[in-house]
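Provided herewith is a single structure, encoded as structure tokens, for subsequent inquiry.
The values are calculated or read from the model by the stated rules, or taken from the named source; none is laboratory data. Fair warning: this is a prediction, and the values are worked out from it, not measured in the lab. Virtual Cβ from ideal backbone geometry, glycine too; neighbours counted across all protein chains shown.
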Amino acid sequence: MHPNQSATTRQRVLDHAGRIDAGGLFNLLTAPRLLERVAALVPEHRERAFPPTKTLAMFMTQALSADGSCRQALDDYGVERAIAGLPPLSTSTSAYCQARARLPLPMIRTLTRQTGGLVTDGAPDWWHWQQRRVRLADGATMTLADTAENQAKYPQPKSQKDGLGFPIGRMVVLLCLASGVVLDAAIGPCAGKGSDEQTLLRVLLDSRLSGEILVADAYYAKYFLLCELRRRGVDGVFEQYGARKRSTDFRLGEWLGVRDHLIAIRDRPRFPEPTRKTGVPGRQAATV
């Protein structure tokens, strides 16, 4: 790929995101393909200025906008209402923030999975590799709101003094290589036993991986994960794990071609890794 092409594509995405409005996202959420699913997920609510579907559309617009503030999201909605001839809203962002806090996480989580499935299922066959779907797995850390609940579930790093840091969470996402859409995600603590990226990936195995190809970095090149992927008919493509005590001897095995070598690693680890949740009583990873 030409070095300028990626920058051009990124700018197109940013330009498109800048043209998105809450009304457009609301129309997508209530489109025929999603209306029935969305209606089943919307909780019981009173008719008010910020119903769940509209609030979610505003929240998505806010996240995509360059400003990213509640004030801008409310102002855009106020202009939309004025054009439609509806009564003006209060200029305070309090009602919108409270409505956003009432959005049920299961609704957002399920919609994320369902829309991801719709996008990846609609990808043309020639977007896939050898007619097989390729999934990408990767992890990252994130700073969370400094609340007592978050501090208990996602403790801050030990290098920070109590009261001076923020809770840190670890997230692993599963993406479709063909379409770039997020299929699923899992969040867990960033420190402690069972808080690694592999453990979080195992939470996602049941939902999205069966007979596909999984591509990830060297963190995932572990014996027991490879065994689990093979059991599911999934081929794993990982960089060799850097902490392996011995180097691979490419003089052994079968030479298939340039940069293509087949070897068998038989040094099975002594202890298996946790296979469900985090393997630690009282601490579990959560899907989002």
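May I ask you to verify whether Thr199 is over 23 Å from Gly236 (Cα atoms), hydroxyl-bearing (Ser, Thr, Tyr) and in contact (Cβ under 8 Å) with a residue 24 or more places away in the chain? Spell out the reasoning first.
Values: over 23 Å from Gly236 (Cα atoms): no; hydroxyl-bearing (Ser, Thr, Tyr): yes; in contact (Cβ under 8 Å) with a residue 24 or more places away in the chain: yes.
Against the criterion (over 23 Å from Gly236 (Cα atoms), hydroxyl-bearing (Ser, Thr, Tyr) and in contact (Cβ under 8 Å) with a residue 24 or more places away in the chain), Thr199 does not qualify.
So Trp126 fits all but one of (1) surrounded by 12 or more Cβ atoms within 10 Å (Cβ to Cβ); (2) closer than 30 Å to Leu205 by Cβ; (3) modelled with pLDDT of 85 or more; what number is the exception?
(1)
Go over the candidates Val172, Val234, Val182 one by one and state the one that is in the same structural domain as Ala152 (by TED's automatic domain parsing), touching a helix residue (DSSP H, G or I) at 6+ places or on another chain (Cβ under 7 Å), closer than 24 Å to Gly117 by Cβ and surrounded by fewer than 20 Cβ atoms within 10 Å (Cβ to Cβ).
Only one candidate passes the filter, namely Val182.
Taking only pairs six or more apart or across chains, which ones have beta-carbon atoms under 6 Å, a first residue in segment 123-151 that is in the same structural domain as Ala221 (by TED's automatic domain parsing), and a second residue that is of a type in the set (Phe, Trp, Tyr)?
Thr143/Phe166; Leu144/Tyr154; Asp146/Phe166
In the list Arg46, Arg10, Arg71, which residue meets the criterion of being modelled with pLDDT under 80, out of contact with any Pro (no Cβ under 7 Å at 6 or more places or on another chain) and farther than 24 Å from Gly117 by Cα? Explain how you work it out, then say what you get.
Working: Arg10 fails: farther than 24 Å from Gly117 by Cα; Arg71 fails: modelled with pLDDT under 80.
Arg46 is the lone residue from the list that is modelled with pLDDT under 80, out of contact with any Pro (no Cβ under 7 Å at 6 or more places or on another chain) and farther than 24 Å from Gly117 by Cα.
Can you confirm whether segment 135-148 contains a residue that is surrounded by 13 or more Cβ atoms within 10 Å (Cβ to Cβ), among the basic types (Lys, Arg) and within 21 Å of Val203 (Cα to Cα)?
Looking for residues that are surrounded by 13 or more Cβ atoms within 10 Å (Cβ to Cβ), among the basic types (Lys, Arg) and within 21 Å of Val203 (Cα to Cα), one finds at least one in segment 135-148, hence yes.
Sticking with this one: Within segment 202-217, take every residue that is among the acidic types (Asp, Glu) and touching a residue at least 12 places away in the same chain (Cβ under 8 Å) and give me the one that is farthest from Val172 (Cα to Cα).
Of everything passing the filter in segment 202-217, Glu212 is farthest from Val172 (Cα to Cα).
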